[in-house]
Amino acid sequence: MAAAPITIYHWEPNANSGKPMLAAEEKGVPYESVYTDLLAFDQHKPDYLAMNPNGTIPALKHGDTVLIESTPMMEYIDEMFEGPPLRPADAAGRWRMRMWMRFIDSYMGPSLSMIGWNIGIGPLVRKKDPAELAAAIDRIPLEARRVAWRKAIYNQFSEEELAESRRRLLYSIGLMEEHLAKAPYLAGDAYSLADVDAFNSCYGLPAMLPDACNDTATPAIMEWLRTIRERPAVGITWAKSRTDRGARLSLLDRPAKGAAL
């Protein structure tokens, strides 16, 4: 196993950045935390681009190795370091884990991102000086990311795109509720990287879609969210938040006994 220390360059501990952070905490792997402010475009500054030319967050440095893409980054952490295993021991369990990770990353995640950017990040970034903002977008290395940033910042998502994202999220919530009513975790009986991946994207669902994700409509999802939220590694990871995003975890506090749901 690898003894060299790791550095994780991350923004807020949610969505992509939270995945390697939480995986490392769950494994008990110490790491240097380098907060990389997405809203200040730290990921497009020369020093960061010298390490990660794609200009995406997060990035993980382990010795001379630099990793990007948060989901395979989690598997690297689990394989390279001692600590509790985060992948099922059996082939079927690993298949379920990877199936859910792919579903979250390729189907549910982009829709969560679109709605989240539209109602949250876009309005925040829009407060910056317009000329400075335009120059920052022009410096983004990947064309696809430049397009995505422009659409989010300048509120260019169409009603059709937002409606489709909401449809996908409602479908995804229904699928997860059905599955979690039968098993405590996404890959089966044991907590795995699939749960790390999904929790980082889905912990804000009760705030984003309160009509669709709540104790009455989705009790299994809420129990799964609360069970993971109560893990010590989650508290340690979200303590690194520098915005109000970390406060969303309070929405997962269990209702007081006797309180109406």
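The values are calculated or read from the model by the stated rules, or taken from the named source; none is laboratory data. These numbers come from a predicted model, not from an experiment. In this analysis, Cβ positions are derived from the backbone assuming ideal geometry, glycine residues included, and neighbour counts consider all displayed protein chains. Calculation scope for accessible area: heavy atoms of the full protein, side chains included, ligands and nucleic acids excluded. Shrake-Rupley method; radii C 1.70, N 1.55, O 1.52, S 1.80 Å.
If the segment from K45 to A181 were pulled out straight at 0.36 nm per residue, it would be longer than the present Cα-Cα gap by 44.4 nm.
Loop-located GluC sites (Glu not before Pro) in the stretch 161-261 (DSSP state other than H, G, I, E, B) with a sparse environment of at most 15 neighbouring Cβ atoms within 10 Å: E230. Shape of the stretch 1-117 from the C-alpha gyration tensor: oblate (a/c of 1.5 or more and a/b not above b/c, with a ≥ b ≥ c the square roots of its eigenvalues). First check a/c for the stretch 62-176, with a ≥ b ≥ c the square roots of the eigenvalues of its C-alpha gyration tensor; if it is under 1.5, answer rounded, and if not, answer prolate when a/b is larger than b/c or oblate otherwise. Because a/c hits 1.5 or more and a/b fails to exceed b/c, the stretch 62-176 counts as oblate. Span-like helix check, the chain: no full DSSP H segment qualifies, none having both a Cα axial length of 30 Å or more and a mean Kyte-Doolittle of -0.5 or more. Percent of accessible area on the stretch 47-131 owned by carbon and sulfur, 1.4 Å probe? Looking at the stretch 47-131 in its full context, I get 58 percent from C and S.
For the stretch 190-245, the list of trypsin sites (Lys or Arg not before Pro) that fall in a loop by DSSP and count at most 13 other C-beta atoms within 10 angstrom reads R242. Which entry is the computed Rg and Dmax of the Cα atoms in Å for this structure: (i) 18.4, 56; (ii) 22.9, 74; (iii) 17.3, 51? Given (i) 18.4, 56; (ii) 22.9, 74; (iii) 17.3, 51, the structure-derived one carries the label (i). Estimated at 0.36 nm per residue, the fully extended path between Y35 and D129 surpasses their Cα-Cα distance by 31.6 nm. Spin-label model, R166/D90: points 7 Å from Cα along the beta carbon direction are separated by 4.1 nm.
Check cross-link reach from K151 to the lysines: straight Cα distance under 27 Å, and skip same-chain residues fewer than eight apart. Cα-Cα hits under 27 Å: K19, K45, K127, K128. A crude spin-label estimate for the pair T227 and Y154, with each label 7 Å from Cα along the Cβ direction, gives 4.6 nm. Taking every alpha-carbon pair under 8 Å whose residues sit at least 6 apart, the chain reaches a relative contact order of 23 percent. Solvent-accessible area per residue in the stretch 35-163 equals 52 Å², computed with a 1.4 angstrom probe and all protein chains kept.
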